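A short write-up of the structure that comes next.
Please treat every number below as a calculation from the coordinates, not as lab data. Everything numeric in this text was worked out from a predicted model, so none of it was measured. Here the Cβ positions follow ideal geometry from the backbone for every residue, glycine too, while neighbour counts run over all protein chains shown.
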Amino acid sequence: EAGVAQSPRYKIIEKRQSVAFWCNPISGHATLYWYQQILGQGPKLLIQFQNNGVVDDSQLPKDRFSAERLKGVDSTLKIQPAKLEDSAVYLCASSRSTNEKLFFGSGTQLSVL
Amino acid sequence: GDSVTQMEGPVTLSEEAFLTINCTYTATGYPSLFWYVQYPGEGLQLLLKATKADDKGSNKGFEATYRKETTSFHLEKGSVQVSDSAVYFCALSDEGYGNKLVFGAGTILRVKS
């Protein structure tokens, strides 16, 4: 079974630029999550999708972050404009449903200079 | 809000040593508790879980017991191997919220041969 795929693996940008991350969950997984992991901290949930609908985006900084999951499969997370404090690893995870085991991708490491 | 506190690392042990990584939590309800592991270059993986008080989760020689009276979920292993070197995250999920996880900051474990 293929795992959760994320790209790119690394990204370096300057502040005020925009950036987008892509996630392809495990086939058949209805629930998709984006987490932000700042160095030295645990992952923090940014947004949760159930199919193509948003379940929870209470911790998403909506003035600069946006996410979508068109057709309930792949998802993209965008930051525009980026700030220095956005430097982190962005993790995507998926599960069959909200009460089942999560599977995490390897993450995208973002450096904002 | 809910939170998880882990012992700071890095923890450096010799092979076959006994391992304990402390984890305590604060939650308003009756959360499920988890340990996740992140090996170098890989995504987070569920190591073990416990869903109610006095439950013991176990996997790959690791164990943790859900202690409601002390709000703790300490991770233990009797004899560590070099291959156990990784970052270990304690996490909780409030009852009824599925997999919306709150993570601790993580503890780096380094095992020397």
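Looking at segment B:42-83, which trypsin sites (Lys or Arg not before Pro) are DSSP coil and have at most 16 other C-beta atoms within 10 Å of their C-beta?
Values: sites: B:LYS49, B:LYS52, B:LYS56, B:LYS60, B:ARG67, B:LYS68, B:LYS77; in loops: B:LYS52, B:LYS60, B:LYS68.
Those that pass, being in a loop and sparsely packed, are B:LYS52, B:LYS60, B:LYS68.
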Mind pulling the per residue volume of the convex hull built on the Cα atoms of chain A? Å³ is fine.
-> 93
Computed lengthening from A:ASN52 to A:LYS11, 0.36 nm per intervening residue step minus Cα-Cα distance | 12.2 nm
Given a cut-off of 21 Å, name the pairs among A:LYS101/B:LYS77; A:LYS44/B:LYS56; B:LYS77/B:LYS100; A:LYS101/B:LYS56; A:LYS101/B:LYS49; A:LYS44/B:LYS60 whose C-alpha atoms lie farther apart than that in the structure shown.
-> A:LYS101/B:LYS77; A:LYS44/B:LYS56; B:LYS77/B:LYS100; A:LYS44/B:LYS60
Send over the per residue convex hull volume for chain B, Cα only, as a whole number of Å³.
-> 92
Under 17 Å Cα to Cα from A:LYS62, which aspartates and glutamates show up? Leave out anything in the same chain fewer than 8 places away.
-> A:GLU85, A:ASP86
Order of A:ARG9, A:ARG64 from fewest to most other C-beta atoms within 10 Å?
-> A:ARG9, A:ARG64
Pick out, in residue order, every one of the chymotrypsin sites (Phe, Trp or Tyr not before Pro) in segment B:1-45 that is DSSP loop and has at most 14 other C-beta atoms within 10 Å; say none if there are none.
-> B:PHE18
Taking amide H positions as placed in the peptide plane 1.01 Å from N, state which residues far from B:LEU13 in sequence (5 or more) or on other chains have amide H under 5 Å from it.
-> B:ARG110, B:VAL111, B:LYS112
Equivalent ellipsoid, the protein assembly as shown (semi-axes from 5 times Cα gyration tensor eigenvalues, Å) | 30, 20, 16
Hey, what do the phi angles of segment B:100-111 turn into as Karplus ³J(HN,Hα) couplings, whole Hz, using 6.51/-1.76/1.60 and θ = phi - 60°, x for Gly and Pro?
-> 6, 8, 10, 9, x, 6, x, 10, 7, 10, 10, 10
Could you give the size of the charge dipole of chain B about its Cα centre, using +1 on the Cβ of each K and R and -1 on the Cβ of each D and E, expressed in debye and rounded to the nearest 20?
-> 60
